[in-house]
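Engineer: The following block contains the structure, expressed as structure tokens.
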Amino acid sequence: MDYSLAAPKLLCAQLKSAGQTPSQSSMTFGGIIFQRAWLQGILVSTASDGGGRFVLDDGTGLVELSLSRDFSNRQWTLGMYVMVVGGFFVRTDEIPMIKV
């Protein structure tokens, strides 16, 4: 992960239209090259609610959150408003993923 690159605040809809750079390890949106993204929204699925995964809804779309052990042991509840900054990963035929 190149921490010298920006971590822009984006919406889920913007993440879906981000393009891959030739290096395949970075993305670009509006001329900004990034590997990490900052999103805010409401948790609509948590690992403990039977959904098995964390899903964030920012009002423009959904993004899956992959949480490290440091964060997965915390108390997460549906409807919680959260802000995340993490590595962004495009997945074919699935919602985008942010690894925190």
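No value in this document is a laboratory result; all are computed from the given coordinates. Being a predicted model, the structure only gives us computed values, none of them experimental. Heads up, the Cβs are rebuilt from the backbone with ideal geometry, glycines too, and the neighbour counts pull from every protein chain shown.
Engineer: Using the per-residue mean of other Cβ atoms lying within 10 Å as a proxy for protection, in what order, highest first, do the peptides 60-68, 89-97 fall? Present the calculation step by step, with values, prior to reporting the outcome.
Structural biologist: Numbers: 60-68: 17.4, 89-97: 11.7.
Going from most to least packed, we get 60-68, 89-97.
Engineer: Write down the Kirkwood hydrodynamic radius of the chain, to one decimal in angstroms, obtained as one divided by the mean of 1/r over all alpha carbon pairs. Please report the intermediate quantities before stating the final value.
Structural biologist: Values: mean 1/r = 0.0725 Å⁻¹.
Radius from the Kirkwood sum: 13.8 Å.
Engineer: Here is a further query. Provide the per-residue ³J(HN,Hα) series for region 80-90, in order, calculated from phi with Karplus coefficients 6.51, -1.76, 1.60 and θ = phi - 60°, each as a whole number of Hz, with x at glycine and proline positions.
Structural biologist: Along region 80-90, the couplings run 5, 8, 10, 10, 10, 10, x, x, 9, 10, 7 Hz.
Engineer: Quick one: Karplus J couplings for region 25-33, per residue in order, coefficients 6.51, -1.76, 1.60, θ = phi - 60°, nearest Hz, x for Gly and Pro?
Structural biologist: 10, 10, 10, 9, 8, x, x, 9, 8
Engineer: Eigenvalues of the Cα gyration tensor times 5, then square-rooted: what semi-axes does that give for region 1-56, in whole angstrom, largest first?
Structural biologist: Values: eigenvalues 134, 29, 23 Å².
Calculated on Cα positions only, the semi-axes equal 26, 12, 11 Å.
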